[in-house]
Amino acid sequence: MNNQGNEELVVREHVVQTVCGSVPASELGFTLPHEHIMVDFGGAVTAGKHRYDADNVIEIMLPYLQAAAAQGVHTFFECTPNFLGRDPEIFRTLSERSGLNIVTNTGLYNNQYLPEYAKTQNAERLAEAWIAEFMDGIEGSGIKPGFIKTAVNPQPTALDLKLIHAAALAHKETGLTIATHTCTADAAQAIVRILNQYQVDPSRWIFVHAHVEEDFSRVLALAQTGIWIELDGLAWGGDEDHVHKLMALLEHGYEDQILLSQDAGWYHIGEEAGGAVIPYTRLQAEFLPLLAARGVDSAMIDKITRLNPANAFGLR
C-alpha cells in the first residue's frame with residue numbers, strides 16, 4: 001500500500017462554491033461527497049416547490065445534519081439535481097443552522113426526471129443554462145452551484161450522451177467538476193471518451209456509484225485514466241464489498257483518486273414527514289472502524305475523507 005501519510009498534504013485547487021458562498025478548498029475538512037437532503041420521484045412534469053413544505057423539510061432534516069456535524073463532518077455535497085428535489089434556499093437555511101458547508105449542483109439527471117426542453121435543445125444551449133447558474137445563481141436565489149451533476153443509463157442513450165457533451169462544455173467555461181450517476185464501466189468508458197474530445201482533465205470527472213460495477217477490474221482499469229472513483233453506497237449496506245473495493249484501489253496505488261460517501265438522507269417528497277430518512281452517520285460510526293481493522297491508518301483515512309474531496313471539487 002502506497003501510504004504517503006507522513007508527507008505534507010497539499011490541496012491542488014483553491015476554492016469550493018457552497019450555498020453560502022465560496023470557501024477555501026483547504027478548509028473543507030471531513031467531507032461527505034455524495035449525499036441527499038430531499039428527493040422527488042414524481043418526475044420532471046410535476047416537480048417543483050408546490051410539492052412540499054419547506055419548513056417541514058428543514059424541521060425533519062436539520063437534526064440529521066446536526067448529528068453528522070457532531071461527528072466531525074464539516075462539508076456536505078448535496079447531489080440531488082434539478083427536477084428531482086434540488087432547492088438551494090432550503091440547503092442554505094440548513095447550512096446556516098447546522099454549521100455545515102453544503103454544496104449544491106447544476107446540470108440535469110435522466111429518464112423521467114428530464115424536462116421536455118432537454119430533449120429538444122442541443123448541448124450548447126443546455127450548457128449555457130448551467131453556465132448561467134454558475135455565473136448568476138440558481139433561479140434568482142443568488143446561490144451558485146459547486147459542481148455539475150449528470151446521469152446516464154447502464155447503456156447510455158443518445159440523450160444521456162448529449163448531456164455529457166453539455167457538461168463538458170459547461171466545465172470548460174466554469175471549471176466545475178462533473179459528477180455522473182454511472183453504475184457500469186461501459187457507461188463510464190463512453191463518458192471518458194466524450195470528455196477526452198473536449199480535452200477535459202480526467203481529474204475533473206467523478207465515476208459516481210463505481211462500487212456497483214461487479215467486475216471491479218474494469219474500474220481499476222478506468223482509474224488508470226486519472227478519474228475519481230467514488231464508493232458511495234454505505235447507506236444501503238454492503239460494507240464488506242466497499243472495504244474490498246477500497247482496498248483494491250489502495251493496493252493498485254489509486255489512493256489519490258478515491259472518494260467515499262453514503263448516499264444517505266432522502267426526505268421523500270410526497271410521503272408523510274419525508275418517509276424513512278437514512279442518517280448520515282454510518283460512515284464514521286461503522287465503516288471507518290472496519291478500515292482501521294484492515295490496517296488503513298488515520299493518515300490515509302484523512303487523505304480519503306478530507307484531502308481528496310478538496311482536490312476533486314476545488315476550483316482554480
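Just so it is clear, none of the values below were taken in a lab; they were calculated from the coordinates. Predicted model, so just to flag it, every value in this text is computed and none were measured. Cβ sites come from the backbone with ideal geometry, for glycine too, and all protein chains shown count toward neighbours.
Solvent-free Debye calculation, one equal scatterer per alpha-carbon of region 152-293: log10 I(q)/I(0) at 0.10, 0.17, 0.21 Å⁻¹ equals -0.38, -0.98, -1.24. Once backbone amide H atoms are built at 1.01 Å from N, Glu230 has Phe207, His209, Ala210, Leu259 as its partners under 5 Å, excluding neighbours fewer than 5 places away on the same chain. Estimated from helices alone, the mean residue ellipticity of the chain at 222 nm is -11000 deg cm²/dmol (sum of -39500 (n - 2.57) over DSSP H runs with n ≥ 4, per residue). Return the tail of the calculated pair distribution for region 15-313, meaning the percent of Cα-Cα pairs more than 24 Å apart. Pairs farther apart than 24 Å: 48 percent.
Projecting the Cα atoms of His242, Val15, Gly175 onto the charge dipole of the chain, computed from C-beta unit charges around the Cα centre, puts Gly175 farthest toward the positive end. Both radii were evaluated on the Cα set of region 1-157; the Rg over Rh quotient, with Rh as the Kirkwood radius, amounts to 1.00. In terms of packing, defined here as the mean over residues of other Cβ atoms within 10 angstrom, the peptides 94-101, 39-46 line up highest first as 94-101, 39-46. Spin-label pair Asn196-Thr281: with each label point 7 Å from Cα along the Cα-Cβ axis, the two points sit 4.6 nm from one another.
Taking Cα pairs under 8 Å and at least six residues apart, what relative contact order does region 15-313 come out at, in percent?
On the way: 590 pairs, mean separation 63.1, N = 299.
Once divided by the residue count of region 15-313, the mean separation gives 21 percent.
For the chain, lysine pairs separated by 8 or more sequence positions, or belonging to different chains, with Cα-Cα distances below 25 Å total 15. Roughly how far apart, in whole Å, are the Cα centres of region 114-169 and region 35-66? So the two Cα centres are separated by 21 Å. Between region 216-294 and region 297-316, how far is it from one alpha carbon centroid to the other, in angstrom? With region 216-294 and region 297-316 each reduced to a Cα centre, they are spaced 14 Å.
Under the rule a/c < 1.5 gives rounded, and otherwise a/b versus b/c splits prolate from oblate, where does region 135-219 land using the Cα gyration tensor? Don't skip to the answer; put the middle values down first.
On the way: a/c = 2.02, a/b = 1.79, b/c = 1.13.
The shape class here is prolate.
Quick one: of the DSSP bridges fully inside the chain, what percent are antiparallel, nearest 5? Let's see the in-between values first.
Working: 6 of 32 bridges.
Bridges in the chain that DSSP calls antiparallel: roughly 20 percent.
Dipole size of region 15-313 about its Cα centre, with +1 on Lys/Arg Cβ and -1 on Asp/Glu Cβ: approximately 540 debye, rounded to the nearest 20.
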